[in-house]
Amino acid sequence: AAPVQVQLVVRMAVVFGPGSGPGDLPKPLPFRDVQEMEISVNLRSSVTSRYEMLYRSTTAQEEAALAAATAREADAALHPLQDTTLGSLTMYVVPETSSLLPQGINVYVGKHRSALVRAGGSLAALQARLREVAQVMSFTAASIGAALSDRVPDGQLSPDARRYLKSSLGYEITFSLLNPDPKSHTVDWDIEGAVNRFVKPILDKLSLVANFSVDSQILYYAVLGVTPRYDKESSSFLLSAHSLPHVINPVEARLGSSAASLYPVLNFLLYVPERSHTPLYIQDKDGAPVSTNAFHSPRWGGIMVYNVEAPASPQASFPVHVDVDMARVMEVFLAQLRLLFGLSREEVPAEFLLESPGNEGLADWELDHLLWAHTVENIATVSTTLTSLAQLLDKIGNIVIKDDIASEVYRAVTAVQSAVTELSLGHLHAAFQASKEAVTSSETAFFDPSLLHLLYFPDDQKFAIYIPLFLPMAVPIFLSLVKIARETRQRKKEPTKMD
């Protein structure tokens with residue numbers, strides 16, 4: 001594939017509160033500074049990150065906001081005062097003795113695009129800390145590596161890289177309730193209310209990244225592909241970690257959603273075990289019960305087991321009516337959704353405190369994190385698609401390329417160049433939009449029906465089709481040509497008669 005050369009520019013404001021400026025600042029505030037780093041992905045992709053920093057003092061309004069009692073209040077008060085452009089960051093440096101940050105916490109990352117950072121004494125210590133924060137809030141070598149995972153040898157990838165969803169123009173989300181034993185359980189779930197309350201806010205925020213559609217279904221008599229093991233001690237049934245991969249295939253055959261879909265489908269399954277296998281618990285690799293009683297499958301979705309209390313009296317009438325606690329279920333599914341988009345927060349340093357995104361389910365900087373990774377991935381995808389198309393057209397000698405295909409290719413090239421330029425200017429939103437246009441145009445060109453049939457129509461196939469048609473006509477023509485040639489030769493041999 002063609003080499004990808006991208007420079008990712010992050011604009012950062014480093015704002016010093018009163019008494020927080022390190023003593024070894026090289027010049028008086030405000031001043032600008034640039035830090036560049038090479039992100040080594042592989043030989044064919046050169047990605048550099050460039051942090052353009054503006055060091056300045058707080059304004060009177062910012063100073064007042066930083067006088068708040070807690071970091072959360074300060075973050076809320078600072079939000080209206082800061083640059084909210086996608087991909088930009090504001091770091092507020094507070095004195096080392098500041099009580100805004102709890103004991104042992106040096107960095108507080110807010111809901112929006114800013115962080116509170118404890119001054120580290122010297123400028124070098126502060127810059128190292130700022131770089132760490134900037135990577136958490138924008139992109140790390142790992143997130144860019146995952147975005148370019150198709151171009152990286154398997155051995156060099158972190159195990160998480162294959163877990164994340166590929167960048168797409170759209171995603172379909174399907175919530176399924178599996179009731180294998182309707183004779184014993186009548187299950188009610190308010191999926192519409194739950195989607196509006198828990199899922200819609202996060203999808204509204206992600207609508208910048210892609211289009212989402214959500215649907216739901218209830219499947220009866222759908223069983224897991226594995227029979228759980230009965231455990232006498234706990235008098236419950238157990239599904240061990242190594243048997244989980246075998247659970248999905250039989251269920252997926254019943255889901256039937258991905259077959260007709262243009263976009264990747266995310267499946268979230270709520271499984272109410274049959275009465276004969278209740279209660280059912282999932283075990284991790286060490287044999288301990290999983291607290292959520294759920295598991296996820298990379299790039300596919302997740303399954304949660306929802307146990308129903310057995311009726312106390314033996315005379316209880318069946319089926320038992322079950323009302324699903326949607327808040328508990330959605331908490332698990334949203335955590336899995338974040339995991340599939342690479343937004344999990346496990347790999348953050350210990351001295352970092354990350355504010356929970358609250359009802360929106362997604363902090364502003366997490367949205368930027370996705371946009372950085374998807375923009376790089378889109379640029380790489382387009383360059384691969386166009387390179388493949390060029391190689392393909394070289395192989396087919398007598399191909400006729402229609403004007404609309406050519407114009408889509410030109411459009412894709414222009415859009416991808418524009419995306420690279422916008423990235424180098426630090427315009428994340430414009431770069432992402434251009435990269436999306438480039439993907440659309442390159443795929444329209446590559447999958448054009450007029451090219452598609454030529455792919456499956458090689459020259460030897462043409463001969464196989466046309467020879468049976470032309471041979472019967474060719475034989476009499478060939479014989480008459482031979483006859484004409486023979487007569488001409490004889491005419492030449494005969495001497496002309498003289499009168």
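The values are calculated or read from the model by the stated rules, or taken from the named source; none is laboratory data. For clarity, every value in this text was computed on a predicted model and none was experimentally measured. Using ideal geometry, Cβ is built from the backbone for each residue, glycine included, and neighbour counts are taken over all protein chains shown. With ligands, DNA and RNA removed, areas are computed over all heavy atoms of the protein, side chains included. Shrake-Rupley method; radii C 1.70, N 1.55, O 1.52, S 1.80 Å.
Observations on the model:
- For segment 98-121, the candidate set comprises residues that are in a loop (DSSP other than H, G, I, E, B) and open to solvent by less than 30 Å² (accessible area, probe 1.4 Å); within that set, the residue that is nearest to Leu370 (Cα to Cα) is Arg113.
Yes or no, residue by residue, for (1) touching a residue at least 40 places away in the same chain (Cβ under 8 Å); (2) within 24 Å of the chain's Cα centre (by Cα):
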{"position": "Pro28", "(1), (2)": "no, no"}
{"position": "Glu38", "(1), (2)": "no, yes"}
{"position": "Thr48", "(1), (2)": "yes, yes"}
{"position": "Gly87", "(1), (2)": "yes, yes"}
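- Condition check for Ala294: free of Cβ contacts under 8 Å to residues at least 60 places away in the same chain and loosely packed, with under 12 Cβ neighbours inside 10 Å: no
- Meets criteria (of a type in the set (Phe, Trp, Tyr) and either in contact with a strand residue (DSSP E or B) (Cβ under 7 Å, 6 or more places away or on another chain) or in the same structural domain as Leu203 (by the TED database) (or both)) for Phe352: yes
- Scanning segment 263-271 turns up one or more residues that are in the same structural domain as Gly225 (by the TED database) and open to solvent by 80 Å² or more (accessible area, probe 1.4 Å).
- Subset tally (residues that are surrounded by fewer than 20 Cβ atoms within 10 Å (Cβ to Cβ) and touching a Ser or Thr at 6+ places or on another chain (Cβ under 8 Å)) for segment 83-95: 2
- Only a single criterion out of (1) open to solvent by less than 20 Å² (accessible area, probe 1.4 Å); (2) within 30 Å of His429 (Cα to Cα); (3) in a loop (DSSP other than H, G, I, E, B) is not satisfied by Thr174, namely (3).
- Selected residue (only one of Leu393, Leu343 is of a type outside the set (Val, Ile, Thr), under 30 Å from Arg118 (Cα atoms) and out of contact with any Lys or Arg (no Cβ under 9 Å at 6 or more places or on another chain)): Leu343
Table: residues versus (1) in contact with a helix residue (DSSP H, G or I) (Cβ under 9 Å, 6 or more places away or on another chain); (2) at pLDDT below 90.
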| site | (1), (2) |
| --- | --- |
| Glu36 | no, yes |
| Leu43 | no, yes |
| Ser49 | yes, no |
| Thr58 | yes, no |
| Thr70 | no, no |
| Asp83 | no, yes |
